[in-house]
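The values are calculated or read from the model by the stated rules, or taken from the named source; none is laboratory data. Values in this document were obtained by computation on a predicted structure and should not be read as measured data. FYI the Cβ positions are ideal-geometry reconstructions off the backbone, even for glycines, and counts take in every protein chain you see.
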Amino acid sequence: MHIERNEVNAQTRKNLNWLWLALAVLVLDYLTKAWFSANMQLGESIDLLPFFSWTLAHNYGAAFSFLHDAGGWQRWFFGAIAIVVSVGLTWWLVRLKDNERFLACALALVLGGAIGNLYDRMVLGYVVDFIHVHYGTWHFPAFNIADCGISVGAFMLVIDSLFFEKKRQAVHV
(Lines give C-alpha, C1' and ligand atoms only; values in the text may rest on other atoms or scores of the structure.)
Protein backbone atom coordinates (compact mmCIF):
# COMPACT_ATOMS: atom_id res chain seq x y z
CA MET A 1 0.00 0.00 0.00
CA HIS A 2 2.84 2.39 0.82
CA ILE A 3 4.40 1.80 -2.61
CA GLU A 4 1.13 2.63 -4.35
CA ARG A 5 0.85 5.90 -2.45
CA ASN A 6 4.40 6.87 -3.42
CA GLU A 7 3.63 6.02 -7.05
CA VAL A 8 0.51 8.22 -6.94
CA ASN A 9 2.45 11.09 -5.37
CA ALA A 10 5.20 10.78 -8.00
CA GLN A 11 2.61 10.83 -10.80
CA THR A 12 0.87 13.85 -9.26
CA ARG A 13 4.21 15.69 -9.15
CA LYS A 14 4.85 14.78 -12.80
CA ASN A 15 1.43 16.07 -13.78
CA LEU A 16 1.99 19.31 -11.90
CA ASN A 17 4.95 19.93 -14.22
CA TRP A 18 2.35 20.66 -16.93
CA LEU A 19 1.46 23.80 -14.99
CA TRP A 20 4.62 25.33 -16.53
CA LEU A 21 2.86 25.23 -19.91
CA ALA A 22 -0.20 26.91 -18.40
CA LEU A 23 2.08 29.51 -16.83
CA ALA A 24 3.84 30.11 -20.16
CA VAL A 25 0.48 30.78 -21.85
CA LEU A 26 -0.52 33.06 -18.98
CA VAL A 27 2.73 35.07 -19.05
CA LEU A 28 2.79 35.41 -22.85
CA ASP A 29 -0.87 36.47 -22.77
CA TYR A 30 -0.23 39.05 -20.05
CA LEU A 31 2.85 40.51 -21.73
CA THR A 32 1.22 40.84 -25.14
CA LYS A 33 -1.93 42.42 -23.72
CA ALA A 34 0.16 44.87 -21.70
CA TRP A 35 2.25 45.79 -24.75
CA PHE A 36 -0.74 46.36 -27.03
CA SER A 37 -2.59 48.30 -24.33
CA ALA A 38 0.43 50.56 -23.77
CA ASN A 39 1.23 51.12 -27.44
CA MET A 40 -2.16 51.37 -29.15
CA GLN A 41 -5.36 53.32 -28.66
CA LEU A 42 -8.64 51.46 -28.17
CA GLY A 43 -10.03 50.71 -31.64
CA GLU A 44 -6.74 51.46 -33.39
CA SER A 45 -5.86 48.97 -36.10
CA ILE A 46 -2.55 48.23 -37.81
CA ASP A 47 -2.82 46.17 -40.99
CA LEU A 48 -0.05 43.59 -41.34
CA LEU A 49 -1.50 41.51 -44.18
CA PRO A 50 -4.64 41.89 -46.30
CA PHE A 51 -6.38 39.49 -43.89
CA PHE A 52 -4.58 40.13 -40.58
CA SER A 53 -4.32 43.17 -38.31
CA TRP A 54 -3.43 44.19 -34.80
CA THR A 55 -6.60 45.83 -33.45
CA LEU A 56 -6.93 46.82 -29.80
CA ALA A 57 -10.36 45.93 -28.44
CA HIS A 58 -11.96 45.49 -25.02
CA ASN A 59 -14.42 42.63 -24.63
CA TYR A 60 -16.85 43.08 -21.73
CA GLY A 61 -18.67 39.84 -22.52
CA ALA A 62 -17.68 36.27 -23.19
CA ALA A 63 -16.59 34.67 -26.47
CA PHE A 64 -17.48 36.81 -29.49
CA SER A 65 -18.61 39.57 -27.08
CA PHE A 66 -21.60 37.49 -25.95
CA LEU A 67 -23.49 39.52 -23.28
CA HIS A 68 -21.07 42.47 -23.64
CA ASP A 69 -23.88 44.94 -22.97
CA ALA A 70 -25.58 43.08 -20.11
CA GLY A 71 -24.92 45.79 -17.51
CA GLY A 72 -21.88 44.48 -15.62
CA TRP A 73 -23.15 41.35 -13.87
CA GLN A 74 -21.58 39.21 -16.60
CA ARG A 75 -18.10 40.17 -15.36
CA TRP A 76 -18.65 38.33 -12.08
CA PHE A 77 -20.65 35.51 -13.67
CA PHE A 78 -17.94 34.71 -16.25
CA GLY A 79 -15.29 35.18 -13.59
CA ALA A 80 -16.97 32.60 -11.36
CA ILE A 81 -17.28 30.18 -14.28
CA ALA A 82 -13.58 30.64 -15.09
CA ILE A 83 -12.61 29.91 -11.49
CA VAL A 84 -14.72 26.74 -11.35
CA VAL A 85 -13.38 25.58 -14.74
CA SER A 86 -9.77 26.32 -13.70
CA VAL A 87 -10.12 24.33 -10.47
CA GLY A 88 -11.75 21.48 -12.40
CA LEU A 89 -9.02 21.46 -15.05
CA THR A 90 -6.30 21.44 -12.38
CA TRP A 91 -8.01 18.57 -10.53
CA TRP A 92 -8.31 16.63 -13.81
CA LEU A 93 -4.69 17.36 -14.71
CA VAL A 94 -3.21 16.06 -11.44
CA ARG A 95 -5.24 12.85 -11.70
CA LEU A 96 -4.01 11.86 -15.19
CA LYS A 97 -1.95 8.76 -15.78
CA ASP A 98 1.53 8.77 -17.32
CA ASN A 99 0.23 7.72 -20.76
CA GLU A 100 -2.06 10.78 -21.02
CA ARG A 101 0.52 13.41 -21.96
CA PHE A 102 -1.40 14.70 -24.99
CA LEU A 103 -4.44 15.21 -22.76
CA ALA A 104 -2.27 16.89 -20.11
CA CYS A 105 -0.91 19.32 -22.71
CA ALA A 106 -4.46 20.14 -23.85
CA LEU A 107 -5.65 20.76 -20.30
CA ALA A 108 -2.64 22.98 -19.53
CA LEU A 109 -3.28 25.13 -22.62
CA VAL A 110 -6.95 25.61 -21.72
CA LEU A 111 -6.04 26.31 -18.09
CA GLY A 112 -3.46 28.97 -18.99
CA GLY A 113 -5.91 30.68 -21.32
CA ALA A 114 -8.76 30.55 -18.85
CA ILE A 115 -6.64 32.14 -16.13
CA GLY A 116 -5.29 34.77 -18.55
CA ASN A 117 -8.77 35.96 -19.45
CA LEU A 118 -9.93 35.61 -15.84
CA TYR A 119 -7.18 38.00 -14.74
CA ASP A 120 -8.30 40.63 -17.26
CA ARG A 121 -11.95 40.24 -16.37
CA MET A 122 -11.39 40.55 -12.62
CA VAL A 123 -8.69 43.26 -12.65
CA LEU A 124 -9.71 45.37 -15.66
CA GLY A 125 -13.41 44.54 -15.98
CA TYR A 126 -12.92 43.47 -19.62
CA VAL A 127 -10.70 41.19 -21.67
CA VAL A 128 -8.04 42.79 -23.87
CA ASP A 129 -8.08 41.51 -27.47
CA PHE A 130 -5.72 42.47 -30.29
CA ILE A 131 -5.49 39.73 -32.93
CA HIS A 132 -7.86 40.50 -35.79
CA VAL A 133 -8.48 38.23 -38.79
CA HIS A 134 -10.60 39.56 -41.66
CA TYR A 135 -11.27 39.28 -45.37
CA GLY A 136 -13.03 41.94 -47.37
CA THR A 137 -16.06 42.96 -45.31
CA TRP A 138 -15.95 39.79 -43.17
CA HIS A 139 -14.36 40.25 -39.74
CA PHE A 140 -13.70 37.55 -37.15
CA PRO A 141 -13.97 39.00 -33.62
CA ALA A 142 -10.62 40.11 -32.19
CA PHE A 143 -8.97 37.65 -29.81
CA ASN A 144 -5.78 37.18 -27.78
CA ILE A 145 -3.12 34.65 -26.76
CA ALA A 146 -5.32 33.24 -23.97
CA ASP A 147 -8.04 32.56 -26.54
CA CYS A 148 -5.44 30.80 -28.72
CA GLY A 149 -4.46 28.57 -25.78
CA ILE A 150 -8.10 27.77 -25.08
CA SER A 151 -8.87 27.06 -28.74
CA VAL A 152 -5.82 24.89 -29.40
CA GLY A 153 -6.34 23.05 -26.09
CA ALA A 154 -10.04 22.48 -26.84
CA PHE A 155 -9.17 21.15 -30.30
CA MET A 156 -6.65 18.80 -28.70
CA LEU A 157 -9.33 17.63 -26.24
CA VAL A 158 -11.56 16.72 -29.18
CA ILE A 159 -8.69 14.89 -30.91
CA ASP A 160 -7.91 13.07 -27.65
CA SER A 161 -11.51 11.99 -27.15
CA LEU A 162 -11.86 10.80 -30.76
CA PHE A 163 -8.57 8.95 -31.14
CA PHE A 164 -6.53 8.48 -27.98
CA GLU A 165 -9.11 7.81 -25.27
CA LYS A 166 -10.27 4.57 -26.93
CA LYS A 167 -6.67 3.36 -27.16
CA ARG A 168 -6.05 4.10 -23.47
CA GLN A 169 -9.25 2.31 -22.47
CA ALA A 170 -8.30 -0.73 -24.58
CA VAL A 171 -4.98 -0.98 -22.73
CA HIS A 172 -6.77 -1.00 -19.35
CA VAL A 173 -9.21 -3.77 -20.33
Report, ordered by the first and then the second residue, all pairs with beta carbons closer than 9 Å, sequence separation of six or more or different chains, a first member in region 75-95 that is within 20 Å of ARG121 (Cα to Cα) and at pLDDT below 90, and a second member that is surrounded by 16 or more Cβ atoms within 10 Å (Cβ to Cβ) and basic (Lys, Arg). ARG75/ARG121; TRP76/ARG121; PHE78/ARG121; GLY79/ARG121; ALA82/ARG121
Within region 29-40, how many residues are surrounded by fewer than 17 Cβ atoms within 10 Å (Cβ to Cβ) and part of a helix (DSSP H, G or I)? 6
Select from region 96-131 the residues that are touching a residue at least 24 places away in the same chain (Cβ under 8 Å), farther than 21 Å from ASN17 by Cα, assigned to a helix (DSSP H, G or I) and more than 14 Å from the chain's Cα centre (by Cα) and list them in ascending order. MET122
Would you mind finding the one in ALA114, ALA104, ALA154 that is buried (at least 17 other Cβ atoms within 10 Å of the Cβ), of a type outside the set (Lys, Arg) and farther than 17 Å from TYR60 by Cα? ALA104
Inspect region 41-62 for any residue being under 25 Å from MET122 (Cβ atoms), part of a helix (DSSP H, G or I) and either in contact with a Pro (Cβ under 9 Å, 6 or more places away or on another chain) or at pLDDT 95 or above (or both) and give the result as yes or no. no
Checked against (1) among the hydrophobic types (A, V, I, L, M, F, W, C); (2) under 8 Å from the mean Cα position of the chain (by Cα); (3) more than 30 Å from THR12 (Cβ to Cβ), TRP138 satisfies every condition except (2)
